[in-house]
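Here's the structure, in structure tokens; my notes come after.
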Amino acid sequence: MARKQPPQRKTGINSFWIALIGAFVVGVLVWMVLSFTNNNRISSNTNQDPSSLVAQDEENLSLSKDDLPIRMIPMEKRGKAPDFTLPYLNGDSFSLSSLAGKVILLDFTATWCYYCDLQAPQVNKVVQKFKDSNFQAIAIDCRESKDVVLAKYPKGNKGYPIVLDERGETLSIYGINGFPTYLILDSQGRVAFFQSGYDDNFEMIASNIIQYLLKNEI
């Protein structure tokens with residue numbers, strides 16, 4: 001006589017609820033990890049770049065706790081900017097060392113860069129403010145041909161001279177990985193300020209640093 005098989009348990013509903021609960025738990029864990037990561041990123045950016053915060057008054061943007069302009073690199077921590085030689089748009093040669101003794105603004109840029117154009121009005125205000133002092137700004141257009149740059153700047157400048165880094169060699173030497181990037185060099189050719197990307201407060205921050213360097217370190 002054939003033995004009866006024991007009835008099988010119905011597991012479909014149980015499996016459904018187990019899968020649903022598992023998916024919910026995984027979702028919560030992912031949310032917690034992402035929240036933790038974002039909070040750390042915000043905290044890190046705040047500590048490294050106080051100028052990215054909205055200032056409540058001009059004093060917050062003028063001096064740091066050490067009575068130095070905000071975001072200016074202290075003298076003992078400044079690195080020497082590498083020398084380079086690049087052509088102007090008219091073909092003449094430019095060397096950074098030719099500006100020895102001046103305070104210099106280096107503008108690493110490209111014609112397609114939206115944030116370069118957005119920052120440009122503030123940069124030009126800074127350049128105009130110090131045009132009659134011991135100061136010079138140089139734009140370094142990176143990885144573009146002469147024709148491309150001249151199509152946008154037919155006069156060969158953007159309120160200050162443009163030099164061509166067609167192969168990106170100077171870009172690599174300086175370790176620049178995004179546009180715009182701005183450096184201010186003191187009269188000894190050391191990097192006293194660095195900014196990568198756009199900043200609403202560029203004009204005030206850069207002006208305070210340049211003014212300090214011209215008044216106190218030359």
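Here, each number is a calculation from the coordinates, and none is a lab measurement. Please read all numbers here as calculations on a predicted model, not as lab measurements. FYI the Cβ positions are ideal-geometry reconstructions off the backbone, even for glycines, and counts take in every protein chain you see.
Quick notes on this structure:
- The order of Arg78, Arg167, Arg143, going from fewest to most other C-beta atoms within 10 Å of their C-beta, is Arg167, Arg143, Arg78.
- Spacing of the two label points (7 Å from each Cα toward its C-beta) at Leu150 and Glu166, in nm: 1.2
- Rounded to the nearest 0.05, the FRET efficiency derived from the C-beta distance between Asn134 and Ser196 at R0 = 22 Å is 0.25.
- Fewest-first sequence of Val126, Val191 by Cβ atoms within 10 Å of each Cβ: Val191, Val126
- Geometric extent, Cα atoms of the range 71-216 - Rg, Dmax (angstrom): 14.1, 42
- Too-long pairs where the Cα-Cα distance tops 22 Å, listed order kept, from Lys155/Lys215; Lys129/Lys158; Lys77/Lys158; Lys129/Lys152: Lys155/Lys215; Lys77/Lys158; Lys129/Lys152
- In this simple spin-label model, placing a label point 7 Å from the Cα along the Cα-to-Cβ direction at both Leu118 and Lys215 gives a separation of 3.1 nm.
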